[in-house]
Amino acid sequence: MMKHLPLLLAIGSSASAIELTPENFEVETHNKAVFLKMYAPWCGHCKKIKPDFDKLMEDYTSSESVLIADIDCTADGQPLCEKFGAKGYPTLKYGDPSDLQAYQGGRSYDELKEFVENILKPSCGVKNLDLCSDDEKAKIEQYSKMSLQELTSAVEKAELMIEELEDAFEEEVDQLELKYEAKIDEIKQAGYLLMVSVLEGKEGEEIVGAEAKDEL
């Protein structure tokens with residue numbers, strides 16, 4: 001029996017793990033703060049963090065306000081990894097499912113656990129009205145009176161505005177990068193590289209001269 005214990009533990013651990021895909025994302029993350037690990041199975045750093053992250057997932061399996069989950073960027077979760085901007089593995093992000101933030105903290109179990117306990121606290125929502133301000137409660141009541149079609153339209157309009165702002169921001173960044181590169185080229189064309197070349201030559205001459213004096 002003992003020789004099968006590691007296998008049984010592995011099965012138990014994987015059974016409690018939640019793997020997110022575009023198909024189950026909205027259902028699993030509904031009204032929850034999330035902490036997500038986007039990974040690739042072959043990634044060495046991903047394998048290193050796996051035991052601690054799996055343990056963290058197990059701690060919050062029954063939580064109604066916090067979701068700890070994996071996204072396999074090489075399988076069905078690939079569209080989510082692209083959507084959330086996973087550039088390397090593992091990429092850890094947290095917060096509101098519609099506005100994830102990059103996690104920059106430590107990756108040991110204790111550090112991950114402390115982060116979740118201190119940061120991923122329940123927030124105002126339909127299931128947590130006691131955490132809402134009077135203004136937030138009024139907005140929730142207002143939205144609740146809207147028809148499904150009206151609410152869907154309002155959400156899509158807000159998402160479109162966010163998307164347009166992101167596109168405008170990226171365009172500004174691209175323009176700034178072009179101006180930066182043009183300015184750098186201007187400085188180089190004005191003689192910067194030639195000055196550096198002459199300076200290096202003079203410094204070399206001084207070194208040679210100093211060495212010659214030492215030999216005398």
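Here is how the numbers come out for the structure above:
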{"quantity": "For region 92-128 versus region 136-213, the gap between their alpha-carbon centres in whole angstrom", "calculated": "28"}
{"quantity": "Residues of type aspartates and glutamates that Lys137 reaches as a straight line, Cα spacing below 15 Å, ignoring anything fewer than 8 places off in the same chain", "calculated": "none"}
{"quantity": "Theoretical FRET efficiency, 1/(1+(r/R0)^6), r = Cβ-Cβ of Lys87 and Asp110, R0 22 Å, to 0.05", "calculated": "0.25"}
{"quantity": "Relative contact order of the chain, defined on C-alpha pairs under 8 angstrom at six or more residues apart (%)", "calculated": "18"}
{"quantity": "Entry for Kirkwood radius over Cα pairs in Å (calculated from the structure that is shown) out of (i) 23.4; (ii) 22.2; (iii) 16.5", "calculated": "(ii)"}
{"quantity": "In range of the label at Ala17: residues from region 43-70 whose backbone nitrogen is under 20 Å from the point 7 Å along Cα→Cβ", "calculated": "43-63, 67-70"}
{"quantity": "Calculated FRET value between Asn118 and Met161, using beta carbons and R₀ = 35 Å, to 0.05", "calculated": "0.65"}
{"quantity": "Extended-chain gain in nm, criterion 0.36 nm per residue less alpha-carbon gap, Ser63 and Tyr143", "calculated": "26.2 nm"}
{"quantity": "Stretch gain in nm, segment Asn128-Trp42, where the contour uses 0.36 nm per residue and the Cα spacing is subtracted", "calculated": "27.0 nm"}
{"quantity": "With at most 14 neighbouring Cβ atoms within 10 Å, loop trypsin sites (Lys or Arg not before Pro) (DSSP) excluded, longest segment of the chain", "calculated": "1-86"}
{"quantity": "Antiparallel DSSP beta bridges within the chain, percent to nearest 5", "calculated": "55"}
{"quantity": "Mean ellipticity per residue at 222 nm, deg cm²/dmol - from DSSP H runs of n ≥ 4 across the chain, formula -39500 (n - 2.57)", "calculated": "-19000 deg cm²/dmol"}
{"quantity": "Links that overshoot a 26 Å alpha carbon limit, given the list Lys93/Lys113; Lys87/Lys139; Lys87/Lys183; Lys37/Lys121", "calculated": "Lys87/Lys139; Lys87/Lys183"}
{"quantity": "Where GluC sites (Glu not before Pro) in DSSP loops with at most 14 other Cβ within 10 Å are excluded, longest remaining stretch of the chain", "calculated": "65-216"}
{"quantity": "Residues Met146, Met38, sorted so that the one with the fewest Cβ neighbours within 10 Å comes first", "calculated": "Met146, Met38"}
{"quantity": "Virtual spin-label span in nm between Glu26 and Glu203, 7 Å along Cα→Cβ", "calculated": "6.1"}
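Taken together, the values in this text are just the output of simple stated rules run on the coordinates, not laboratory data. Remember, predicted model here, so these are calculated numbers, not experimental data. Positions of Cβ are backbone-derived with ideal geometry, glycine not excepted, and every protein chain shown enters the neighbour counts.
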